[in-house]
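Okay, so here's the structure we're looking at.
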Amino acid sequence: MDEQYSEEACHVIDSLEQIGSQWRLIVLHDLQDGEKRFNELKRSTSASSRTLSRVLDDLQEMGFVDRRLEEDAPVATFYSLTAKGESLFPVFDAIEDWADEWLGEDADGADAVESLADS
């Protein structure tokens, strides 16, 4: 661990390194709706086959995603979130709430600053 960062900051940095790439976040967020086939994920994320395959392999290796192969004709590969992946739901909700407040079309942060000042 780099001594210039506090232990708490290191946990945040480590977490973001695991889920923080654009494609990992997109796939994790997309799988919140439930199990999907590879081609469904490809369509919904607009990722190339190569990128999506690499991201899914990474997420599976890190324990965020499960892979299920159905060998009936036609062969299909399904992906779903593990308990570890599902535990990110509140994180995505919190980020979405923050983005609505601070990055929304009409949001300049003034309302949020005022509500913090009133507390």
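Quick look at the numbers
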item	result
Exclusive hit being out of contact with any strand residue (DSSP E or B) (no Cβ under 7 Å at 6 or more places or on another chain) and at pLDDT 95 or above, set T82, T51	T51
Search result, residues across segment 84-101 that are among the acidic types (D, E) and surrounded by 11 or more Cβ atoms within 10 Å (Cβ to Cβ)	E86, D93, E96, D100, E101
Test: residue in segment 28-45 that is closer than 17 Å to F89 by Cα, among the aliphatic types (A, V, I, L, M) and either open to solvent by 40 Å² or more (accessible area, probe 1.4 Å) or touching a Pro at 6+ places or on another chain (Cβ under 8 Å) (or both)	no
Residue that is farthest from L31 (Cα to Cα) [pool: residues in segment 102-119 that are open to solvent by less than 100 Å² (accessible area, probe 1.4 Å) and either at pLDDT 70 or above or outside any helix (DSSP H, G or I) (or both)]	G109
Every pair of residues 6+ apart whose Cβ atoms lie under 9 Å, when the first sits in segment 14-39 and is part of a loop (DSSP other than H, G, I, E, B) while the second is open to solvent by less than 60 Å² (accessible area, probe 1.4 Å)	S21/V55; S21/D58; G34/S80; G34/L81; E35/F78; E35/Y79; E35/S80; E35/L81
Residue check for D30: of a type in the set (D, E) and modelled with pLDDT of 75 or more	yes
Among (1) in contact with a helix residue (DSSP H, G or I) (Cβ under 8 Å, 6 or more places away or on another chain); (2) within 26 Å of S15 (Cβ to Cβ); (3) part of a helix (DSSP H, G or I), the one test that K42 misses	(2)
Selection count where residues are within 17 Å of the chain's Cα centre (by Cα) and either crowded, with 16+ Cβ neighbours inside 10 Å or part of a helix (DSSP H, G or I) (or both), scope segment 46-77	15
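The values are calculated or read from the model by the stated rules, or taken from the named source; none is laboratory data. Please read all numbers here as calculations on a predicted model, not as lab measurements. FYI the Cβ positions are ideal-geometry reconstructions off the backbone, even for glycines, and counts take in every protein chain you see. Ligands, DNA and RNA are stripped out before the accessible areas are found, and what is left, the full protein with its side chains, is counted by its heavy atoms. Shrake-Rupley method; radii C 1.70, N 1.55, O 1.52, S 1.80 Å.
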